[in-house]
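Below: the structure, in structure tokens.
The values are calculated or read from the model by the stated rules, or taken from the named source; none is laboratory data. The structure presented is a predicted model; accordingly, all values stated were derived computationally and were not measured. Here the Cβ positions follow ideal geometry from the backbone for every residue, glycine too, while neighbour counts run over all protein chains shown. Heads up: the accessible areas ignore ligands, DNA and RNA and are worked out on the full protein's heavy atoms, side chains in. Shrake-Rupley method; radii C 1.70, N 1.55, O 1.52, S 1.80 Å.
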Amino acid sequence: MNPQGTIGTLVVGYGYWGPNIVRNVVESPDFRMMGLCERDEGRVADFRRRHPGIWAEPDLDAALEDPRIEAVAIATPPHTHFDLVSRALEAGKHVLVEKPLARTGDEAAGLVALAEERGRVLLPGHTFVYSPSVNKVRDLIRGDELGEVYFITSSRMNLGLYQKDGVVLDLAPHDLSILLHWLGKPLLEVNAHGSSVYQDGVHETAFMTLGFEDGVQANVQISWLAPRKMRQMVVVGSRKMVQYEDTAADDSVRIYDKGLDFAEPPANFGEYRLTYRTGDMVAPQIAAAEPLALELKDFASAIREGTEPRSNARLGLEVVLGLEALERSLHSHGAPVKVRSVEEARASRAVAA
């Protein structure tokens, strides 16, 4: 720890998300921004304009040699994560890496094992699990206020930034991390259909069905080709329903006392009679907080106190295994694909090693 008691931090990558991480590191009382690792000269110039006096270094290994650096935050494309995270962990640094943790399940399992071997914190940047609104819905589900969860729907669409990795790798990690966080149950099977409009093999739209342990299903649609931004999820339970929207509005979470009930116990098959239940809608007050700032605070606690972060390495591995299965289904015209368990992935990686 440096003399100020803060955690010396290196940020790697200053593209789309890197500036947000840098801003939060600079503003955080827990971290000290030591430097930036970035090869693009234009981005480095932009960084120096915003943060004069902080050094920038294009070579990661050279940057990692600085003994004042305890933590590394990586905000680079997914295909670079395995290499960069491995080098940071091997240099003895704690690592926060933007979603997804790695490109394949074997890579992700390898990073989890390496972090454990080196006794370092590995936090995949699933920022939505730090959202106060997302956690309010989790409390409703875990507190049994909604009753038995029947199914969940999600729409995550916008006229988005085109990326060569495709829409599943770009947007689906958000839904996977939220659903795993809400349900606390493993994902067992997926199927996915997609559409490639501008480039073969690069899907801009995908429609996915996710099957979790104990039978809960989620239907998720994601797209870069939509006229307006939509971030909406609906959880349908036996007692109540809840709608969550990723907005800054006061009613980002709405709880509906609506559903169907049996009019009376049926005497025999065929006598089921249902009645509609329509009660009040409640929008609970939720304190505003920036999820990325909460994520960094959790990262600091894990480093200092040895606590397990909310967005932990296991969650990161589960998300990557789900993405792996979704992409297999996508390229198999929607065929159902079993999702490897964390234990299977780790065992497979151990055998390969």
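Taking amide hydrogens as placed 1.01 Å from N in the peptide plane, the amide H of TYR150 sits under 5 Å from those of VAL236, GLY237, SER238, each at least 5 positions away in sequence or on another chain. Dipole magnitude for the range 60-169: about 300 debye, using +1 per Lys or Arg Cβ and -1 per Asp or Glu Cβ, origin at the Cα centre. For PRO77, neighbours were defined as the other residues whose beta-carbon sits under 10 Å from its Cβ, and their charges (Lys and Arg +1, Asp and Glu -1) total 0. Once the Cα atoms are used to define both axes, helix 167-183 deviates from the longest principal axis of the chain by about 70 degrees. The angle separating the long axis of helix 105-118 from the principal Cα axis of greatest extent in the chain is about 50 degrees.
For a quick check of your reading of the filter: which chymotrypsin sites (Phe, Trp or Tyr not before Pro) in the range 152-230 sit in a DSSP loop and have no more than 16 other Cβ atoms within 10 Å? Each step should come with its number before you reach the end.
Details: sites: TYR162, TRP182, TYR198, PHE207, PHE212, TRP224; in loops: TYR162, TYR198, TRP224.
Those that pass, being in a loop and sparsely packed, are TYR162, TYR198.
Each Lys and Arg contributes +1 and each Asp and Glu -1, all at the Cβ; summed about the Cα centre of the range 108-181, the dipole is approximately 240 debye.
Our coupling estimate for the range 72-79, obtained by passing each phi through the Karplus curve with A = 6.51, B = -1.76, C = 1.60 and θ = phi - 60°, is 10, 10, 10, 10, 10, x, x, 5 Hz, Gly and Pro reported as x.
Assuming a ≥ b ≥ c are the square roots of the Cα gyration tensor eigenvalues, decide whether the chain counts as rounded (a/c under 1.5), prolate (otherwise, with a/b larger than b/c) or oblate.
Working: a/c = 1.90, a/b = 1.68, b/c = 1.13.
Judged from the Cα gyration tensor, the chain comes out prolate (a/c at least 1.5, a/b above b/c).
Centre-to-centre separation between the Cα atoms of the range 179-249 and those of the range 90-109: 24 Å. Using every pair of separate Cα atoms, the Kirkwood estimate puts the hydrodynamic radius of the range 63-190 at 16.6 angstrom. Surface composition of the chain: carbon and sulfur atoms hold 49% of the protein heavy-atom accessible area at a 1.4 Å probe. Taking the chain as the region of interest, the number of lysine pairs whose Cα atoms are within less than 24 Å, with members eight or more places apart or on different chains, is 16.
Here the simple spin-label model places points 7 Å from the Cα toward Cβ, and for LYS229 and LYS338 these points are separated by 4.1 nm.
Taking Cα centre as origin and charging only the Cβ of basic (Lys, Arg, +1) and acidic (Asp, Glu, -1) residues, the dipole magnitude of the chain rounds to 400 debye.
Relative to the longest principal axis of the C-alpha atoms of the chain, give the angle of the C-alpha long axis of helix 291-305, reported between 0 and 90° and rounded to the nearest 10°. In the chain, helix 291-305 runs at an angle near 60 degrees to the longest axis. Using Cα pairs under 8 angstrom and six or more residues apart, how large is the relative contact order of the chain, in percent? The value is 18 percent. Think of the chain as a dipole: +1 on every Lys or Arg Cβ, -1 on every Asp or Glu Cβ, centred on the Cα centre; then among GLN221, HIS94, LEU114, GLN221 lies furthest on the positive end.
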